[in-house]
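I have placed the structure first, in the form of structure tokens, so that the comments after it can refer back to it.
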Amino acid sequence: MQLERNLSIIMIVFSSFFLVMSLQVENRTGNFISAGTWPAALMILMLILSVILLMRALKVKNVENIKGDDIDSADADNEEQLVHPKKFFLLFAVLAIYIFILGYVGYIAATILGIFVMALLFGMKSYIRALLTGILATAGSIVLFPILLNLPFPRGTGIFYSLSLLFY
């Protein structure tokens with residue numbers, strides 16, 4: 001619980017700082033949605049979720065204080081450790097490889113492959129579901145960002161560049 005409390009406090013400070021920074025971005029277009037709108041929306045969401053996490057951590061700590069010594073110190077030590085440390089490092093490796101191949105194979109192929117591998121890593125048993133998750137998440141992000149918001153994504157090189165031209 002100490003870890004959750006400290007993490008939530010750090011995230012509250014982080015999101016508050018960047019919320020203030022995103023609200024100071026100048027609106028040059030005159031539209032309702034400007035360059036600072038999306039970062040501000042994300043920071044507001046992050047701030048709300050961090051406050052909820054802090055409240056839960058404090059609530060659990062109060063319950064533990066009321067119960068007293070019923071909780072073993074071994075249980076408290078186990079809470080502070082990562083549940084699956086190997087999966088954490090595998091996730092880090094998958095994200096590093098994703099970033100590395102993004103410029104070469106483009107957003108579409110890299111994201112489908114990355115989400116597919118991460119879904120399997122986090123316990124999705126069916127390969128078809130994992131692949132479908134990657135395809136749908138990639139399609140949704142392509143519709144939102146390059147098509148609706150006109151934000152560029154990496155296209156890749158060679159055949160991957162040609163493939164990306166079909167979609168955005």
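A short reminder: the numbers here are calculations on the coordinates, not readings from a lab. Note that the structure is a prediction, hence the values are computed from the model and not measured. Glycine also receives a Cβ, built like all others from the backbone with ideal geometry; neighbour counts cover every protein chain displayed.
Which residues make up the longest stretch of the chain that has no GluC sites (Glu not before Pro) in a DSSP loop with at most 10 other Cβ atoms within 10 Å? It would help to have the intermediate numbers written out before the result.
Working: sites that count: Glu26, Glu80.
Longest run free of exposed loop sites: 81-168.
Here the extension length gained between Asn31 and Lys125 equals 29.3 nm, from 0.36 nm per residue of separation less the Cα-Cα distance.
Can you tell me the alpha carbon radius of gyration of the chain divided by the globular rule-of-thumb value 2.2 N^0.38 Å?
Details: Rg = 21.0 Å, N = 168, 2.2 N^0.38 = 15.4 Å.
That ratio works out to 1.36.
With contributions of -39500 (n - 2.57) from each DSSP H run of at least four residues, the per-residue ellipticity at 222 nm computed over the chain stands at -25000 deg cm²/dmol.
Here the Karplus relation 6.51 cos²θ - 1.76 cosθ + 1.60, evaluated at θ = phi - 60°, turns the backbone of the range 42-55 into coupling constants of 5, 5, 5, 4, 5, 5, 4, 5, 5, 5, 5, 4, 5, 5 Hz, with x for every Gly and Pro.
With +1 on the Cβ of every Lys and Arg and -1 on the Cβ of every Asp and Glu, and nothing else charged, how large is the dipole of the chain about its Cα centre, in debye rounded to the nearest 20? Show your work: numbers first, answer last.
Details: 11 positive and 10 negative charges, 148 e Å.
That gives a dipole near 720 debye.
Among Ile52, Ile33, Ile101, which one shows the highest mean-square fluctuation when the chain is modelled as a Gaussian network with alpha-carbon springs under 10 Å? So, out of Ile52, Ile33, Ile101, the one fluctuating most is Ile33.
Listed values for the range 138-152 are Karplus-derived 3J(HN,Hα) couplings in whole Hz (6.51 cos²θ - 1.76 cosθ + 1.60, θ = phi - 60°), namely 5, 4, x, 6, 5, 5, 6, 8, x, 8, 6, 9, 6, 9, x, and x replaces Gly and Pro. Farthest towards the positive end of the charge dipole of the chain, among the residues Ile97, Gln2, Phe122, is the Cα of Ile97, using unit charges on the Cβ of Lys, Arg, Asp and Glu. Within the chain, the longest run free of trypsin sites (Lys or Arg not before Pro) that sit in a DSSP loop with at most 16 other Cβ atoms within 10 Å is 29-124.
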